[in-house]
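Take a look at the structure below.
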Amino acid sequence: MRRPSFVGAVRAEAIKVSHQLSFWLMIAGGFVLLGISVVGINTVGNLPDTARTDPSGFVRQMLDVYGTIFQIGSGIVLLIVGSRLIAMEYSSGTVRVAYARGVGRLQLLLAKLVLLVIVGIGLLVGYLLVVGAIVAALYATWTGGLTGLGTLDAGLKQDFGYWLLVQGISIGVVILLAAAAAGLGRSLAFAMAASLAFFPVDNFLVGIMALAARATRHDSPWHNITEYLLGPNLNIVLNVIEPDHLGRAAFAPPLNPVDGRHALIVIGVWAVLFAVIAIGRAVRPDVLE
Amino acid sequence: MIGAQPAFRAIGLSKAYGKRLAVDRLDLQVDRGELFGFLGPNGAGKTTTIRMALGLIAPTNGTVEILGAEVRHNRSKVLPRVGALVESPALYGYLSGRNNLRVFGDLLGGVPEKRIDEVLEIISLTGRDKDKVKTYSMGMKQRLGLGVALLNNPDLLILDEPANGLDPAGIVEMRDLLRSLAAEGKTVFISSHVLSEVQQICTRVAIINHGKLIRLAPVHELLDAPGEFEIKVDSPDALVVALRLQPWGQEARVEHGLVITRAPQGRGRDLIAFLVQNGHQPDSVGERQRDLEDIFLSLTGDS
């Protein structure tokens, strides 16, 4: 008699994701978005000059632009795929079929998280390949070849490492957010709404806090609150952990200056909170779905 | 001696939701190879009992043993040997029938494609296996749900309303399938409200109401119990009054112009003698054929 296995559970999740039409539509949408980004970059007047005179600066600017696009795009994809993967089990009642056959509750949740991490890594690798090709093509078009890229400064490798780290952190946090929202509502509609609304609300709160500070003529506690919001810390984390980072956060940073250690701790605490909610709801003794 | 252990055993099983007892100290044993019917009106506690048996909800008191092992602490060991269909079939509508079986097969540690083909054949979905489940009829979904339960050839099948949504031909197929599974030595535990089906396929039944076991007996024993007689007379109301004065006639009543009553010691000839002696010449007297539905309704007080 066969017994439930973790590898089997991950394989089952892979079948589910690979047959989600919405997943492939989002990937196709990503390609369209990248095409639009090329048109947009072509209209930035000083970029060809930067490419010719400062190849490293050009690559850093590309990392900033495409890093932001990836953070938003992969975040949306993972939140939707994650919500569907976890919350739909509750909505459709399939979770009881799995549990009733002896599949462990944590085992099932972990299989879903592992599959989402694999999807996240796959998105990142695929994105890097496509964006790498786009950047190389733009560079070659503007400078007449790729030879200039051989003179990139040594610090760029380290900066790329930070960039990868931040993308990894972002992937991990959105996966846990999707799992927490799915566990909390145990319904697809709630999970989608809650997880997709989280970051816009989080970023919007910075504006609200700024207005509150103006209205009360006191920065405290309004500015202090923004130091502990997840979105603003994710927006600023690359800037504060990477030495001499020149780019600005595309979205709202905390209203008080924070350092890299603070940003990483705040993000870590939020991640742990999401994980605790997801696990706590998954191991709940009674399954009534 | 593991083989001698009952397939299913509930010991003092209770489940309370607040002050309401959904299942109340239920003791039940199903032996291996039995086709067992679990009956009760809506809200009687059938599904709650099944959910506790499958480890989906925690009992307030008592335990469930399946195939000789207590379920709650042996889930991963015991439950893979159980195939279950709980309430409506839960499936992935955007996947095909075959991919649904693949997904649940992978969850069970991997089921060979050959077995998936076999199951599709058993549940008569071979020609529709590549269609999305959301295009299936209720009966097809029910059959696929049963297919999921059969995937890894379980020793015990727990089926909650397996005939739901099936057409008459599908019900006959389901009946034959369950019988053949029992003939292979598998235990089949069916919760159903289609009492005629249970009567036809089950060897023993338990009837619960308000969470309590009110009857546990072989089907033939229930059906062979002293039955009731239908009497056609000119003045049924007067006869009912006379019958209710007798210790064996307390339940006499009029239904559709006929008097329904038990007989002295269950014997028709004694009933006729009583009628004649008391001046109620009958136009006809006939033994009423009892079926499981009559017994169920009389036991659950819903008649």
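The values are calculated or read from the model by the stated rules, or taken from the named source; none is laboratory data. Worth saying up front: this structure is predicted, and the values here are computed from it rather than measured. Here the Cβ positions follow ideal geometry from the backbone for every residue, glycine too, while neighbour counts run over all protein chains shown.
One table, with the values for the structure above:
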{"quantity": "Scan of the stretch B:84-101 for residues that are more than 8 Å from chain A (Cβ to nearest Cβ) and within 24 Å of the chain's Cα centre (by Cα), ordered by number", "calculated": "B:Leu85, B:Pro89"}
{"quantity": "Single match in A:Thr94, A:Thr143 (criterion: of a type in the set (Ser, Thr, Tyr), within 30 Å of B:Lys141 (Cβ to Cβ) and over 19 Å from the mean Cα position of the chain (by Cα))", "calculated": "A:Thr94"}
{"quantity": "Some residue of the stretch B:40-60 being away from chain A (no Cβ under 14 Å), crowded, with 24+ Cβ neighbours inside 10 Å and in contact with a helix residue (DSSP H, G or I) (Cβ under 7 Å, 6 or more places away or on another chain)", "calculated": "yes"}
{"quantity": "Yes/no for B:Val172 being closer than 24 Å to A:Ser91 by Cα and either more than 8 Å from chain A (Cβ to nearest Cβ) or touching a Pro at 6+ places or on another chain (Cβ under 8 Å) (or both)", "calculated": "no"}
{"quantity": "Strands (runs of 3 or more DSSP E) within the stretch B:1-93 that include 3 or more residues in contact with a strand residue (DSSP E or B) (Cβ under 6 Å, 6 or more places away or on another chain) and more than 22 Å from B:Leu181 (Cα to Cα)", "calculated": "B:8-17, B:20-30, B:61-66"}
{"quantity": "Residue that is surrounded by the fewest Cβ atoms within 10 Å (Cβ to Cβ) [pool: residues in the stretch B:215-224 that are modelled with pLDDT under 90 and assigned to a strand (DSSP E or B)]", "calculated": "B:Ala217"}
{"quantity": "Entirely in the stretch A:11-102, the helices (runs of 4 or more DSSP H) that have 1 or more residues that are within 14 Å of another protein chain (Cβ to nearest Cβ)", "calculated": "A:21-42, A:55-92, A:94-100"}
{"quantity": "Those residues of the stretch B:4-39 which are surrounded by fewer than 23 Cβ atoms within 10 Å (Cβ to Cβ), small (Gly, Ala, Ser) and under 18 Å from B:Phe189 (Cα atoms), in sequence order", "calculated": "B:Ala4, B:Gly33"}
{"quantity": "Residue among B:Phe8, B:Phe104 that alone is in the same structural domain as B:Gly127 (by TED's automatic domain parsing) and within 17 Å of the chain's Cα centre (by Cα)", "calculated": "B:Phe8"}
{"quantity": "Condition check for A:Ala178: surrounded by fewer than 20 Cβ atoms within 10 Å (Cβ to Cβ) and at pLDDT 95 or above", "calculated": "no"}
{"quantity": "Test: residue in the stretch A:62-79 that is touching a strand residue (DSSP E or B) at 6+ places or on another chain (Cβ under 9 Å) and crowded, with 16+ Cβ neighbours inside 10 Å", "calculated": "no"}
{"quantity": "Out of A:Ala193, A:Ala212, A:Ala263, A:Ala197, sole residue that is touching a helix residue (DSSP H, G or I) at 6+ places or on another chain (Cβ under 6 Å), farther than 30 Å from A:Ser56 by Cβ and part of a helix (DSSP H, G or I)", "calculated": "A:Ala212"}
{"quantity": "So B:Leu166, is it in contact with a Lys or Arg (Cβ under 9 Å, 6 or more places away or on another chain), outside the structural domain of B:Arg143 (by TED's automatic domain parsing) and either surrounded by 15 or more Cβ atoms within 10 Å (Cβ to Cβ) or at pLDDT below 90 (or both)", "calculated": "no"}
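Residue by residue, here is whether (1) free of Cβ contacts under 8 Å to residues at least 40 places away in the same chain; (2) out of contact with any Gly (no Cβ under 6 Å at 6 or more places or on another chain); (3) surrounded by 13 or more Cβ atoms within 10 Å (Cβ to Cβ) holds:
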site: B:Val198; (1), (2), (3): no, no, yes
site: B:Cys202; (1), (2), (3): no, no, yes
site: B:Val205; (1), (2), (3): no, no, yes
site: B:Trp248; (1), (2), (3): yes, yes, yes
site: B:Gln289; (1), (2), (3): no, yes, no
site: B:Leu299; (1), (2), (3): no, yes, yes
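Matching residues to (1) closer than 30 Å to B:Tyr17 by Cα; (2) part of a loop (DSSP other than H, G, I, E, B):
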{"site": "B:Leu144", "(1), (2)": "no, no"}
{"site": "B:Pro154", "(1), (2)": "no, yes"}
{"site": "B:Arg175", "(1), (2)": "no, no"}
{"site": "B:Ile190", "(1), (2)": "yes, no"}
{"site": "B:Ile207", "(1), (2)": "yes, no"}
{"site": "B:Trp248", "(1), (2)": "no, no"}
